[in-house]
């Protein structure tokens, strides 16, 4: 199964991880797939986490790797982070690093502006 | 309840999902999330650092979700957590310093913050992590 779905909206790549749990079992394949996307030139990405119900620090580490791959010229926003997923962003203070928007529309709007 | 979890990421993933279903009914949602996350960190640490990612004996988890308290024991036979890591302070970082953002190292902090009591007895032959969380 593919680790993610990708669509485009107003020049922004919208990446949707398809797994329910973005943990140590799933993070390596997801990270590789998105980093390849970044290396192919997609530097503005929305990560839509609406299908992900659980995130651990391995999954979060993958998101940080993707952010670094996008570099200072890139931008990443997160949307639809709820429950245990949002809890991990807050517990690790990564909510200060990733802009977390309530909806895909808001996240794309932020990066497309 | 006793669980034997094979030392692979896939089996850890399944086991943690099950623990998430077996939280005490009275535990607040946010506390439950923190406990489920901490269980993922504990078991993943054992697979990656205790057993060096090369597999090892199954991890034994005793899971007792009481009305007033959740008690958990985790037994493994891998390399123990170094004592200095157990007492490590919270990982500080500058959110604006992209290159220096940490990609790992949150696990022990997440474990300590999720539970009210964390005790560790190191082997050989067994390492035993004792955890408890009050249900308010």
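Here, each number is a calculation from the coordinates, and none is a lab measurement. All values reported here derive from a predicted model rather than from experimental measurement. Note: ideal-geometry Cβ built from the backbone for every residue, glycine included; neighbour counts use all protein chains shown.
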- Values of log10 I(q)/I(0), in the order q = 0.10, 0.11, 0.15 Å⁻¹, for the protein assembly as shown under a Debye, Cα-only, solvent-free model: -0.49, -0.59, -1.04
- Cα centroid distance between segment B:77-122 and segment A:37-64, in Å? 22
- residue B:67 versus residue A:32: modelled label distance in nm, points set 7 Å from Cα along the beta carbon direction: 5.1
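Sort B:1, A:94, B:39 so the one with the fewest other Cβ atoms within 10 Å of its own Cβ comes first.
Values: B:1 10, A:94 24, B:39 28.
By the 10 Å Cβ count, ascending, the order reads B:1, A:94, B:39.
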- Query: Of A:38, A:97, A:52, which has the largest mean-square fluctuation in a 10 Å C-alpha GNM of chain A?
  - Reply: A:97
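Distances over 21 Å make up what percent of all Cα-Cα pairs in chain A? Intermediate results must be reported in sequence, preceding the final value.
On the way: 1611 of 6328 pairs.
Counting pairs separated by more than 21 Å, the tail of P(r) holds 25 percent.
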- Could you list B:42, B:111, A:66 in order of exposure, starting from the residue whose Cβ has the fewest other Cβ atoms within 10 Å? A:66, B:111, B:42
- Task: Could you list the residues of segment A:49-76 with an amide nitrogen less than 20 Å from a label point located 7 Å from the Cα of residue B:98 in the Cα-to-C-beta direction?
- Result: A:60-76
- Relative contact order (%) - criterion: Cα under 8 Å, at least six apart; region: segment A:3-113: 28
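Viscosity 1.567 mPa s, temperature 4 °C: Stokes-Einstein D of chain B from its Kirkwood Cα radius, in µm² per second? Spell out each step's value before the answer.
Numbers: Rh = 15.5 Å.
Once the numbers are plugged in, D ends up at 84 µm²/s.
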- Using the Cα gyration tensor of segment B:80-136, the equivalent ellipsoid's semi-axes, largest first and to the nearest Å, work out to 26, 17, 8
- chain B: most fluctuating residue of B:113, B:58, B:87 per GNM, C-alpha cutoff 10 Å: B:87
- Message: Which residue fluctuates most in the GNM of chain A (Cα springs below 10 Å): A:43, A:93, A:21?
- Response: A:93
- Message: Can you compute the modelled spin-label distance between residue B:85 and residue A:7, with each label point 7 Å from Cα toward Cβ, in nm?
- Response: 4.2
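For a quick check: sort B:76, B:97, A:95, B:31 by the number of other beta carbons within 10 angstrom, fewest at the front. Walk me through the numbers on the way to the answer.
Working: B:76 26, B:97 9, A:95 16, B:31 21.
Fewest-to-most ranking of B:76, B:97, A:95, B:31: B:97, A:95, B:31, B:76.
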- Relative contact order %, chain B, counting alpha carbon pairs below 8 Å whose residues are six or more apart: 29
